Amino acid sequence: MRIAIASDHAALELKSAIGSHLADLGHQINDLGPHDGASVDYPDYGYRLAGVIASGAADFGVALCGSGIGISIAVNRHPACRAALVSEPLSAKLAREHNDANVIVMGGRLIGAEMAKACAEIFVATPFGEGRHTRRVDKLSHPNIAEETP
């Protein structure tokens with residue numbers, strides 16, 4: 001798989017650990033930065049990652065910031081992205097299986113490296129379940145097809 005990974009300064013070490021782990025598993029990693037510990041703005045890296053996913057240059061994305069919340073908001077601004085903030089492997093698996101998430105998000109200040117690696121590993125290994133989930137996922141990228149709520 002081609003996997004793009006980005007973070008802010010608060011998750012730089014976690015980005016390195018996850019990127020190395022996924023590369024060891026045979027995946028092609030595109031590290032979008034940052035590459036040093038200087039303070040950066042997570043939206044810049046979230047938007048960069050979203051652009052790579054939307055262009056088709058990567059199959060999946062890994063987005064990280066201190067809590068995971070800010071960068072997930074940035075990535076999800078792009079209609080081609082379905083970023084899921086997770087903290088354990090079951091959520092990572094269900095994000096792929098039920099929601100066809102194409103970006104996994106974690107908080108560098110909230111999750112340990114081993115747990116984060118387990119989440120990323122199961123995320124990229126889990127296929128989308130399709131079936132009944134397809135209709136719902138289509139509505140995520142095309143809200144105009146959503147039924148009106150009574």
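Just so it is clear, none of the values below were taken in a lab; they were calculated from the coordinates. Keep in mind it's a predicted model, so treat the numbers as computed, not measured. Neighbour counts run over all protein chains shown; Cβ positions are idealised from the backbone, glycine included.
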> Among the residues of the stretch 39-68, which ones are aliphatic (A, V, I, L, M) and within 13 Å of Ala80 (Cβ to Cβ)?
Replying inline: Leu49, Ala50, Val52, Ile53, Ala54, Ala57, Ala58
> Cβ-Cβ below 8 Å, separation at least six or inter-chain, first residue in the stretch 125-139 and under 16 Å from Cys81 (Cα atoms), second loosely packed, with under 12 Cβ neighbours inside 10 Å: which pairs?
Replying inline: Asp138/Ile145; Lys139/Ile145; Lys139/Ala146
> In this structure, is Arg2 surrounded by fewer than 24 Cβ atoms within 10 Å (Cβ to Cβ), in contact with a strand residue (DSSP E or B) (Cβ under 8 Å, 6 or more places away or on another chain), under 30 Å from Arg136 (Cα atoms) and not hydrophobic (A, V, I, L, M, F, W, C)?
Replying inline: yes
>> Which count do you get for residues in the stretch 35-61 that are among the charged types (D, E, K, R), under 18 Å from Ser16 (Cα atoms) and either within 11 Å of the chain's Cα centre (by Cα) or crowded, with 16+ Cβ neighbours inside 10 Å (or both)?
In response: 1
> Only one of Lys117, Lys93, Lys139 is more than 12 Å from the chain's Cα centre (by Cα) and over 21 Å from Ile3 (Cβ atoms); which?
Replying inline: Lys139
> Given the conditions (1) part of a helix (DSSP H, G or I); (2) crowded, with 24+ Cβ neighbours inside 10 Å; (3) not small (Gly, Ala, Ser), which single one is not true for Ile73?
Replying inline: (2)
>> I'm told Leu64 meets every condition in (1) within 18 Å of Glu13 (Cα to Cα); (2) more than 11 Å from the chain's Cα centre (by Cα) except one. Can you identify the failing condition by its number?
In response: (2)
>> All but one of (1) part of a loop (DSSP other than H, G, I, E, B); (2) closer than 18 Å to His27 by Cβ hold for Ile53; state the number of the condition that does not hold.
In response: (1)
> Can you tell me how many residues in the stretch 99-117 are part of a helix (DSSP H, G or I), of a type outside the set (A, V, I, L, M, F, W, C) and more than 13 Å from Leu85 (Cβ to Cβ)?
Replying inline: 2
